[in-house]
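The values are calculated or read from the model by the stated rules, or taken from the named source; none is laboratory data. Everything numeric in this text was worked out from a predicted model, so none of it was measured. Glycine also receives a Cβ, built like all others from the backbone with ideal geometry; neighbour counts cover every protein chain displayed. Calculation scope for accessible area: heavy atoms of the full protein, side chains included, ligands and nucleic acids excluded. Shrake-Rupley method; radii C 1.70, N 1.55, O 1.52, S 1.80 Å.
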There are 2 protein chains.
Amino acid sequence: MRSMVRQAHHKKESHARLTGGRVSESTVRRLSLYYRGLSTFEREGYKTISSKDLAKEGRLTPAQVRKDLSFFGSFGTRGLGYPVKELKEKIARILGLNRTWNVALVGVGNVGSALVSYKEFPKQGFNIKLLFDNDQRKINKNHKGIQVFDVKDLASKLKEHKIDLVILAVPASAAQAVTDDVVSAGVKSILNFAPTHIKVPDDVTLRSVNMAMELEHLSFSLVNKGYPLKF
Amino acid sequence: MRSMVRQAHHKKESHARLTGGRVSESTVRRLSLYYRGLSTFEREGYKTISSKDLAKEGRLTPAQVRKDLSFFGSFGTRGLGYPVKELKEKIARILGLNRTWNVALVGVGNVGSALVSYKEFPKQGFNIKLLFDNDQRKINKNHKGIQVFDVKDLASKLKEHKIDLVILAVPASAAQAVTDDVVSAGVKSILNFAPTHIKVPDDVTLRSVNMAMELEHLSFSLVNKGYPLKF
DNA sequence: TTAATATTGTGAAATTGTTCACAAGTTTGA
DNA sequence: TCAAACTTGTGAACAATTTCACAATATTAA
């Protein structure tokens, strides 16, 4: 920290590195928000942006924006703000969006099909390369240009195609078994849409999207409206 | 909450009431988790359950389970644990799952169609009553048994059918305009699937499911693996 | 050049959330 | 009945996160 001022002209180490790399989950989530905000500002022709304006994009405070960014380095200029294009690129690099990832999707049902068509994924470098299902009527056919394989061959195909990331869109009852196969193939990142709790080893990152849980949150708010809840 | 008051004769008022009703977002999320865990335990025939066993269902500590529940009252018996059936019902009431909600869904595209077929929703009392789209080929047709209306009539139809909750599955570019209509119809809860930031008044609860954001989180973990991240 | 204004980066303070530790109450078995 | 074993509910300690507040620095205008 001490070196921040002195080294103003040199490339300096990030706070994240200096402090042992502890970045909170919330900070990462907000980084995604900043990324989207910066994309908008860039499109609108802004060259620089202040933490104040960036904060408006979410419901955040300028101090929080600055604190978050300071974990990764000091990207701004006092009196002026942050350079939109460069900050966007920095965040892209931090989030791993400056490259492509090989993605496989298991379960070509309703949710799975919707995800295959979801245009945000390829836009951000997430390319769905393989599909898997256990339904013989779907196996070995093409689904929107991507071949569907038998889920029995999951582990071998994941390795063969160097898949980085697997999306699970299978029924809750099948989720753990499929996950175990995915883990055995050495994949370290899983996005789960099955409405159930899944166990993975510590070195595997799992994120779950549970739409029923989101609705429950809303219904809680409806039932408890009038109370001064903090969210 | 109303039932809490009634019980005040023999049981203490809930912490939530005593402390002014401040329940954190994380607590609500964990309540959903407990609910699912309790459903499992009930199915397996358990009559009572300890905070220890309930904690295993998520990756939580027994103390946290007890603290969370204590916000709403004291439901357990020392030495024995919590009565599975009753606790499940209590949480259902807290989360508003002991009743049904009228839901409308705007945007019958890929994501919207998948959501219409999502079986968890009706299971938990979320009944999709109306669909809306701006595509003339879809309007006035049935989609999986539910009629599709013109999004132009959104506000009037929402009021007419006493819709509690709206799910947005429209493109990012349309999200804010549709939201403004929804808000003008007096709906207080919105679940947004459009990958964009939406502004709502303070008395409207908005939750967003952003699948690209979840993938970004995973790619961050992939890029930064090796760092001692805390999540 | 100077003054007024803007804005970052960051310790410190405040707030919020989690875990600990144990008194109090319940059950079980002898 | 009693003692041993459990388990809740909760104040207090601890940890994490957010906000505050301001020195440092850049920009703008005269």
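Below is a table of values for the structure above.
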read-out	value
Looking only at segment B:30-67, and only at residues there that are open to solvent by 10 Å² or more (accessible area, probe 1.4 Å) and in contact (Cβ under 8 Å) with a residue 40 or more places away in the chain, the one that is nearest to DNA strand D (Cβ to nearest atom)	B:41
Subset tally (residues that are within 11 Å of DNA strand C (Cβ to nearest atom), at positive phi and touching a helix residue (DSSP H, G or I) at 6+ places or on another chain (Cβ under 9 Å)) for segment B:41-84	1
Filter result for residue A:210 (surrounded by 20 or more Cβ atoms within 10 Å (Cβ to Cβ), out of contact with any Gly (no Cβ under 7 Å at 6 or more places or on another chain) and more than 8 Å from chain B (Cβ to nearest Cβ))	no
Filter pass, residue B:172 being open to solvent by less than 60 Å² (accessible area, probe 1.4 Å), farther than 18 Å from residue B:159 by Cβ and touching a Pro at 6+ places or on another chain (Cβ under 6 Å)	yes
Subset of segment B:144-169 [part of a helix (DSSP H, G or I), under 22 Å from the mean Cα position of the chain (by Cα) and farther than 27 Å from residue A:110 by Cα]	B:159
Residue within segment A:167-185 that is within 11 Å of chain B (Cβ to nearest Cβ), more than 28 Å from residue A:28 (Cα to Cα) and not charged (D, E, K, R) present	yes
Residue, most open to solvent (accessible area, probe 1.4 Å), within segment A:106-143, restricted to residues that are of a type in the set (D, E, K, R) and either closer than 24 Å to residue B:116 by Cβ or not in a strand (DSSP E or B) (or both)	A:137
Those residues of segment A:68-93 which are open to solvent by less than 80 Å² (accessible area, probe 1.4 Å), assigned to a loop (DSSP other than H, G, I, E, B) and either outside the structural domain of residue A:42 (by TED's automatic domain parsing) or within 11 Å of DNA strand D (Cβ to nearest atom) (or both), in sequence order	A:71, A:74, A:76
Filtered residues of segment B:46-60 (kept if within 14 Å of chain A (Cβ to nearest Cβ) and part of a helix (DSSP H, G or I))	B:53, B:54, B:55, B:56, B:57
Test: residue in segment A:193-207 that is more than 9 Å from chain B (Cβ to nearest Cβ), out of contact with any helix residue (DSSP H, G or I) (no Cβ under 9 Å at 6 or more places or on another chain) and open to solvent by 20 Å² or more (accessible area, probe 1.4 Å)	yes
All positions within segment A:107-128 that are within 18 Å of the chain's Cα centre (by Cα) and under 16 Å from residue A:157 (Cα atoms)	A:127, A:128
Flag if residue A:220 is more than 25 Å from the chain's Cα centre (by Cα) and buried (at least 18 other Cβ atoms within 10 Å of the Cβ)	yes
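Residue-wise test of (1) part of a strand (DSSP E or B); (2) closer than 19 Å to residue B:220 by Cβ; (3) of a type outside the set (Phe, Trp, Tyr); (4) in contact (Cβ under 8 Å) with a residue 24 or more places away in the chain.
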residue	(1), (2), (3), (4)
A:175	no, no, yes, no
A:180	no, no, yes, no
A:186	no, no, yes, yes
A:190	yes, yes, yes, yes
A:195	no, no, yes, no
A:200	no, yes, yes, no
A:207	yes, yes, yes, no
A:212	no, no, yes, no
